[in-house]
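Read the structure below first, then the notes.
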């Protein structure tokens, strides 16, 4: 898989998205991340591994704990791709407006 | 004039609407005739569409290839599922970057709206994550900025 595929696969899970949403508010330990979810700590740890391998989160060592935080520019590639699509649509429709306005048959209408 | 709107349905659908100042037959043509698509469906400035295949009939193919002066390029391929000219099309499409993105099913309707056309694209995205990310980039705000610039130009 390329980077974009890996990112999308990692995001294609509601628990992992909820974890990212929590980390958007700041660093958290595995115990803290487990609290809102009715699933086991090992299951949360598996989700964290997927997110880490996709480059979406980073972990540091703090004694026995390995707190997680969002990786800087985690969604950069996806963001660039989507921004290209968005800007592309804007510009395309502007051109279509001009093309439709320039259609000679339109100018004959009252 | 109402410009682009964007709303969600359920977990995986995005609905985009845009009004055009031309009747449905002309807007439909502009979306299905290669010679017209090549004039407007170009994305950001600096891109051209050297290859455009569009066969608006059930089972017909679409293939759009874009290129820029830097030698970069990407393409879109798809297949029409239903075509009711000039009112409605349903097609499946995917981008090649160069790896293909998951299939996206798009229903497009061209409805008469006064002396213009209301275009509605109902996009069935592959999963909630793709849609969430698409929306989280502020897609609708960026589009609105573009259309407001266009409105100002027309107001002159």
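Restricting region A:85-110 to residues that are more than 7 Å from chain B (Cβ to nearest Cβ) and modelled with pLDDT under 85, the residue that is surrounded by the most Cβ atoms within 10 Å (Cβ to Cβ) is A:85.
In the set B:32, B:17, B:109, B:12, only one residue is crowded, with 16+ Cβ neighbours inside 10 Å and more than 14 Å from chain A (Cβ to nearest Cβ); that residue is B:109. Against the list (1) buried (at least 17 other Cβ atoms within 10 Å of the Cβ); (2) in contact with a strand residue (DSSP E or B) (Cβ under 8 Å, 6 or more places away or on another chain); (3) under 15 Å from residue A:7 (Cα atoms); (4) at pLDDT 90 or above, the condition residue A:68 fails is (3). For region B:1-31, filtering for residues that are closer than 20 Å to residue B:56 by Cβ and without any contact (Cβ under 8 Å) to a residue 60 or more places away in the chain leaves 2. Select from region A:6-51 the residues that are within 14 Å of another protein chain (Cβ to nearest Cβ), in contact (Cβ under 8 Å) with a residue 12 or more places away in the chain and assigned to a loop (DSSP other than H, G, I, E, B) and list them in ascending order. Result: A:13, A:24. Checked against (1) surrounded by 15 or more Cβ atoms within 10 Å (Cβ to Cβ); (2) at pLDDT 80 or above; (3) touching a helix residue (DSSP H, G or I) at 6+ places or on another chain (Cβ under 6 Å), residue A:78 passes all but a single condition, namely (2).
Looking only at residues of region B:81-106 that are over 15 Å from the mean Cα position of the chain (by Cα) and part of a strand (DSSP E or B), we find that the one that is surrounded by the most Cβ atoms within 10 Å (Cβ to Cβ) is B:83. Check whether at least one residue in region B:36-47 is part of a strand (DSSP E or B), modelled with pLDDT under 95 and surrounded by 16 or more Cβ atoms within 10 Å (Cβ to Cβ), and report yes or no. Yes, that holds for at least one residue. The residues of region B:58-67 that are surrounded by fewer than 15 Cβ atoms within 10 Å (Cβ to Cβ) and not in a loop (DSSP other than H, G, I, E, B) amount to a single one, B:61.
The values are calculated or read from the model by the stated rules, or taken from the named source; none is laboratory data. On a predicted model such as this, the values are computed, not experimentally measured, just so you know. Please note: Cβ atoms are built from the backbone with ideal geometry, for glycine as well, and neighbour counts cover all protein chains shown.
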